[in-house]
Amino acid sequence: MGTGILTIDLDALAANWRDLARRSRGETGAVVKANGYGCGAAEVATRLAREGARRFFVATSEEGAALRGALGAGPEINVFSGHMAGDTALIRDHALTPMLNSPEQAARHRAALPGHPYGVQLDSGMNRLGMEAPDWAATRADLEAGPLTLVMSHLACADDPAHPMNAAQLRAFTAMSAGVTAPRSFAATGGILLGPDYHFDVTRPGVGIYGGQPFADARPVVRLSLPVVQVRDVAPGEIVGYSATFTADTPRRIATLSAGYADGLIRYMSNAAYLSAPHGKCRLAGRVSMDLLTVDVTDLPAVPDHLDILGPDQTVDQLAEVAGTIGYEILTSLGRRYQRLYLGA
Ligand SMILES: *Cc1c(COP(=O)(O)O)cnc(C)c1O
């Protein structure tokens, strides 16, 4: 077997969702955009539907259409990018609920699919998606008269509880959505942890379900085991890998593993990321290349046939730290070449 093995623990994922649901004041949905943060949208959503999730969130109508195929009729599938030009057939045929982001999207949706349910996304200060207060004021009466299923907004700084944007956005969303009879949604993972003032009727956790920060109590969901292709001894003064960024100072044993930056193990991890074996840790030696990693295994008592780069010994956030990024990017970059194994499917 020449590729890495990505094990996704759906029991841990379900436990994370239930934990976030217990902390949420109202209903708890699930965000499964970007193929369920790299973990498999169909597998993740199918399991969470069994746990009781009734609303799922994706980024685009194409993702929504694929998800409907996996979930079947019933659960609400909300599309953050709203009703884009060309989306009408997908929205209709797969019973998707677009989050309308502008008066233009509202007009497009109501002209193309009169009577078809929709949500509205409001901008409470992030300035990324959603209607600004004057747009909402101008269209609100019309939009509330139709099948409006959700009114939502998104926090820019919820992973930092001390950030003044949190309270400012809460005030803005509360004011803009006052008197709305449709359910309201404001909190992603970070917002759930800010407390019940931020929850409204429906929460939308993503990263915490998949075991990532800022949900500090999350159980790890992914394990990534990479096969050893060969092992060699390197004499003092010899180099390892492209651009000779590692030079052996003493006799070293170097293992070459099958996975590289084409699999989402980004080049910035070179000479820095750790891997774990049953009896110890070892570190990357030299540059990450497209399909291969080189690892200094000198201090391991024996070289196993696989070394883990993600798992209980190194979380997505710890690997992100040495890679100069965030856990979200590590997860959504997980390669397509890995063999995917699901526990608890
Ligand atoms: C991605 C996203 C979420 C989920 O955020 P997490 O931080 O992963 O929990 C919720 N709402 C919106 C609008 C998003 O874009």
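Tabulated values for the structure
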read-out: Selected residue [surrounded by fewer than 22 Cβ atoms within 10 Å (Cβ to Cβ), outside the structural domain of residue 155 (by TED's automatic domain parsing), in contact with a helix residue (DSSP H, G or I) (Cβ under 7 Å, 6 or more places away or on another chain) and in contact (Cβ under 8 Å) with a residue 24 or more places away in the chain] from 242, 261; value: 261
read-out: Residue that is within 16 Å of the ligand (Cβ to nearest atom), at pLDDT 95 or above and assigned to a loop (DSSP other than H, G, I, E, B), where the choices are 172, 182, 187; value: 187
read-out: Those residues of region 247-258 which are closer than 25 Å to residue 337 by Cβ and touching a residue at least 40 places away in the same chain (Cβ under 8 Å), in sequence order; value: 254, 255, 257, 258
read-out: Any hit, region 18-31, residues being within 16 Å of residue 222 (Cα to Cα), surrounded by 18 or more Cβ atoms within 10 Å (Cβ to Cβ), assigned by TED's automatic domain parsing to the domain that holds residue 77 and modelled with pLDDT of 95 or more; value: no
read-out: Selection status of residue 190, closer than 30 Å to residue 276 by Cβ and not acidic (Asp, Glu); value: yes
read-out: Residue within region 277-293 that is among the polar types (S, T, N, Q) and not in a loop (DSSP other than H, G, I, E, B) present; value: no
read-out: Condition met for residue 340 (of a type outside the set (Phe, Trp, Tyr), part of a strand (DSSP E or B) and more than 21 Å from residue 3 (Cβ to Cβ)); value: no
read-out: Residue count for region 50-80, restricted to those that are without any contact (Cβ under 8 Å) to a residue 40 or more places away in the chain and either in contact with a strand residue (DSSP E or B) (Cβ under 8 Å, 6 or more places away or on another chain) or within 15 Å of the ligand (Cβ to nearest atom) (or both); value: 15
read-out: Selection status of residue 131, of a type outside the set (Asp, Glu), touching a helix residue (DSSP H, G or I) at 6+ places or on another chain (Cβ under 9 Å), buried (at least 20 other Cβ atoms within 10 Å of the Cβ) and within 22 Å of residue 188 (Cβ to Cβ); value: yes
read-out: Residue that is surrounded by the most Cβ atoms within 10 Å (Cβ to Cβ), among those in region 203-230 that are within 16 Å of the ligand (Cβ to nearest atom) and of a type in the set (A, V, I, L, M, F, W, C); value: 209
read-out: Among the candidates 185, 102, 177, 124, residue that is more than 22 Å from residue 71 (Cβ to Cβ) and buried (at least 23 other Cβ atoms within 10 Å of the Cβ); value: 124
read-out: Given (1) closer than 30 Å to residue 292 by Cα; (2) within 16 Å of the ligand (Cβ to nearest atom); (3) acidic (Asp, Glu), index of the condition residue 233 fails; value: (2)
read-out: Selection from region 123-137 of residues that are away from the ligand (no atom under 11 Å from the Cβ) and touching a residue at least 40 places away in the same chain (Cβ under 8 Å); value: 124, 125, 133, 136
read-out: Subset tally (residues that are over 24 Å from residue 235 (Cα atoms), hydroxyl-bearing (Ser, Thr, Tyr) and buried (at least 18 other Cβ atoms within 10 Å of the Cβ)) for region 277-329; value: 2
read-out: Residue within region 42-57 that is touching a helix residue (DSSP H, G or I) at 6+ places or on another chain (Cβ under 8 Å), closer than 25 Å to residue 107 by Cα and modelled with pLDDT of 95 or more present; value: yes
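The values are calculated or read from the model by the stated rules, or taken from the named source; none is laboratory data. Values in this document were obtained by computation on a predicted structure and should not be read as measured data. Ideal geometry is used to build each Cβ from the backbone, glycine not excepted, and the neighbour counts take in all protein chains shown.
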